[in-house]
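Everything below concerns the one structure shown next.
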C-alpha cells in the first residue's frame, strides 16, 4: 500500500486584533464611538481626556437620564390604595409640564396649611432651570412673612420629593442625595463628591489621585460611577416626546462645492497621557514597562482607528454627493447607486462601505439615513438592484395598483415581476417595503376589496 503525502498551498486572510478593532470602530455611529472612547478612558491609564470635564460629565449624565426618577414613582403610585391617592396624585409628565404641579402634587393636601402651601410655591419658583435652589432660602424671611424656622422646615419637606436631589444647593449635594438613596456606603466616593467634585470636573485628576493615594484607573472608575447619577433633577420635567436624530455627518455648501464635516466634536479630545508616557520611558521595572507598552499600543491603535474612520466616511460621503447631487439640492430623485459602486470608486471592499454607513445620518437641508441613499441592494443581502429605494417603492405601488382586484399578487409574484425589470431583490425585501408603506398582504387586500 502506497501512502502519498500531498502539500497544498492556500491563501487565507486572518484579521489581527488591530484590524478587528478598526472595523468595529468604523461600524460605530458617533454616540457609540463616544461610549467606546469613554470606556477605554476608564480602563486605560495611557489615554487622557483633554477638555472641559464639566460638559463631559453633565452631558453623559443627561443621556443616561432619558427617563427621570419621577417616572419610577408613577409605577409605585399605581400600587397604593385609593385613599392614599387623594391629594397626592402624580401628574403625568407628558400631559402637564407645569413644574409646580409636578412637584407639589406629590404632597398630601390635607397635611399642610394654606400658608405652608403658599411657601412651597414660593420655594418652587426659586428653583433654577436644573432644579437647584442656589439662593439662600433663609433670606426669604426678609421679603416674605415667614420665619427662618418655617422656611427651613418647608425646604426639608420639599427635598424629600422626587426626583432625588431636587432643591439641592449645588451639584455635589444633588449627587450625594442620590448616593445615600441608593444605600452606597463607600467613604471615598462620598469624599470625592463632597470635597473634590470641582477638581474632578476641572480635570485635575493627578491632584485627586495624590490626595487619596488612588491609581488613575481607580479614580476613573469612581468618575464613571459619579457619571451614573442625575446631574439635573428636573432634566425631564419639561421634556416632550420628540426624539431628535443627531447627524453623524454635516454637509456645508461652499464655493468649490461641499465641505464635509464629521459631527464628532462633542466626543471630546482624547490623547496619550504625557505623565505615563514619561513614566514608561524612565521606569526600571520590566513588568511595569510591559504593562504600559501594551496600554500605549492599544491607545494608539484606537486613536488611529478613529482617524481612519473619519477619513473613510468623508471619502464615501464625497462620492455619494457627486452621484446624488440633484437629490441633495432638491432638483431630482435619488439615482440608482449601489455600495459596490462606492467601494470601487474609493478602492475599498464593499463590506467596508456597509460598515461605514451603518446607522449613520447625514444633514444637508434635511437629515437622511446613509442607507436610504442607496438602492435596495443593501437590504437582506441583495446587491444587484438598479433601482433606488424610492423607485422600488413606487414600482411596488404601481404593480399593486394595477393588479387583478379579485386575485391580488403575492409578494413572491411581485418579486418575480420586479426581477424581470432588473430589480434583483428578495421576497422579504418586497414584504419589508410593502409593510413600511402600510400596504396589506394579498389575502388582506382580497378582504378589503370584497367589503
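Table for the structure above
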read-out: Looking only at segment 360-373, and only at residues there that are in contact (Cβ under 8 Å) with a residue 24 or more places away in the chain and touching a helix residue (DSSP H, G or I) at 6+ places or on another chain (Cβ under 8 Å), the one that is farthest from residue 250 (Cα to Cα); value: 373
read-out: Positions within segment 395-430 being under 36 Å from the mean Cα position of the chain (by Cα) and exposed (fewer than 15 other Cβ atoms within 10 Å of the Cβ), in sequence order; value: 397, 428
read-out: So residue 125, is it modelled with pLDDT under 90, loosely packed, with under 11 Cβ neighbours inside 10 Å and under 34 Å from the mean Cα position of the chain (by Cα); value: yes
read-out: Matching residues in segment 109-120 - criterion: being assigned to a loop (DSSP other than H, G, I, E, B) and surrounded by 11 or more Cβ atoms within 10 Å (Cβ to Cβ); value: 112
read-out: Residue 339 farther than 30 Å from residue 217 by Cα, free of Cβ contacts under 8 Å to residues at least 60 places away in the same chain and either touching a strand residue (DSSP E or B) at 6+ places or on another chain (Cβ under 9 Å) or surrounded by 12 or more Cβ atoms within 10 Å (Cβ to Cβ) (or both); value: yes
read-out: Spans of helices (runs of 4 or more DSSP H) in segment 258-375 with at least 2 residues at pLDDT 85 or above and under 20 Å from residue 24 (Cα atoms); value: 286-323, 339-346, 350-357
read-out: Identity of the residue in segment 281-301, touching a helix residue (DSSP H, G or I) at 6+ places or on another chain (Cβ under 6 Å) and in contact (Cβ under 8 Å) with a residue 24 or more places away in the chain, that ends up surrounded by the most Cβ atoms within 10 Å (Cβ to Cβ); value: 292
read-out: Filter result for the condition that a residue is modelled with pLDDT of 85 or more and either in a helix (DSSP H, G or I) or over 30 Å from residue 28 (Cα atoms) (or both), over 391, 413; value: 413
read-out: Criterion violated by residue 141 - all others in (1) surrounded by 19 or more Cβ atoms within 10 Å (Cβ to Cβ); (2) touching a helix residue (DSSP H, G or I) at 6+ places or on another chain (Cβ under 7 Å); (3) assigned to a helix (DSSP H, G or I) satisfied; value: (1)
read-out: Flag for residue 357 being touching a residue at least 24 places away in the same chain (Cβ under 8 Å), out of contact with any strand residue (DSSP E or B) (no Cβ under 6 Å at 6 or more places or on another chain) and within 30 Å of residue 204 (Cα to Cα); value: no
read-out: Residue match in segment 152-159 (condition: surrounded by fewer than 13 Cβ atoms within 10 Å (Cβ to Cβ) and under 30 Å from residue 225 (Cβ atoms)); value: yes
read-out: Count of residues meeting criterion [in a helix (DSSP H, G or I) and either surrounded by 14 or more Cβ atoms within 10 Å (Cβ to Cβ) or modelled with pLDDT of 80 or more (or both)] in segment 431-451; value: 8
read-out: Any hit, segment 163-180, residues being assigned to a loop (DSSP other than H, G, I, E, B) and within 19 Å of residue 41 (Cα to Cα); value: no
read-out: Some residue of segment 222-243 being surrounded by 12 or more Cβ atoms within 10 Å (Cβ to Cβ), modelled with pLDDT of 85 or more and over 28 Å from the mean Cα position of the chain (by Cα); value: no
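The values are calculated or read from the model by the stated rules, or taken from the named source; none is laboratory data. Owing to the predicted nature of the structure, the values given are computational and were not obtained by experimental measurement. Every residue, glycine as well, gets a Cβ built from its backbone with ideal geometry; the counts of neighbours run over all protein chains shown.
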